[in-house]
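Taken together, the values in this text are just the output of simple stated rules run on the coordinates, not laboratory data. Given the structure is predicted, the values throughout are model-derived calculations rather than measurements. Note: ideal-geometry Cβ built from the backbone for every residue, glycine included; neighbour counts use all protein chains shown.
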Amino acid sequence: MSPRYITIKLRYLGPVAGALGTSGEELKIPAGAEFGDIMDFMIFTYPIIQEIFPPGVLGFTLDGAVPEVASPLRDGAVVEFSATSGPRVKPPDFQGKTPFISFVDEHDKQGAEALKEYINWHGRLPRDVNTWSDERVSSIGRQLLSEDLPAAQWKDAIHVLAHHPSAVALEALHALNQLEHEPWQKIWIRQALDECKTFNKERLTGAKSGPVISPVGAARNKPCPCGSGKKFKNCCGRLL
């Protein structure tokens, strides 16, 4: 019988160890995981790593060789992270707050930045948004469809619709998706639609949708920054 879980050893060398405050750790992950799942773990657990180490500076090996994203992981595999130079900025003090950013293909830098901003914008979401009345949310949807709102107000409104488990929120987002928008706005609307569909499915069926990926990491077990009260992996983290 095949094992359900395997153990992976992570080693952080030189400047990486200094930036993360540890020289390594072990992960227990589902059997059949790939190297890309390790990258997801790193980004969710240590989101600052992409900011303090520019592209091309951070290097990694799997059992001494350069891996592919789809390289399979074996029990006892060793993944090493190193850097050709030190961090470009001092790691900030998060004071208990975890910034969430997304791992996006670097060939589309504008799309990557839009998606990162969408995810980080969750920190502005009102914690009681899921208790707002349908009438209040419907008014926000009409405003988005009929008015040219300032960027910050537009983003706040999109996030309200994304996290309100109602038919009126979903209808408003579908209507917005049919209109012409700037490229970054299209990304925001698509992400909001995905979230709103998930919350509506749970409202109607009571079923919890599983995550698309399931890396093992502390950040995914922390409360979601959207304020839903759920763990990040069971809330907005499912969309990444």
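A few remarks follow.
- Under the simplified labelling scheme, the Asp75-Trp132 pair shows an inter-label distance of 5.0 nm, with each label point 7 Å from Cα along Cα→Cβ.
- Counting all C-alpha pairs of segment 1-41, share separated by more than 17 Å (%): 39 percent
- Above-threshold pairs, the threshold being 25 Å between Cα atoms, out of Lys116/Lys197; Lys28/Lys201; Lys28/Lys116: Lys28/Lys201; Lys28/Lys116
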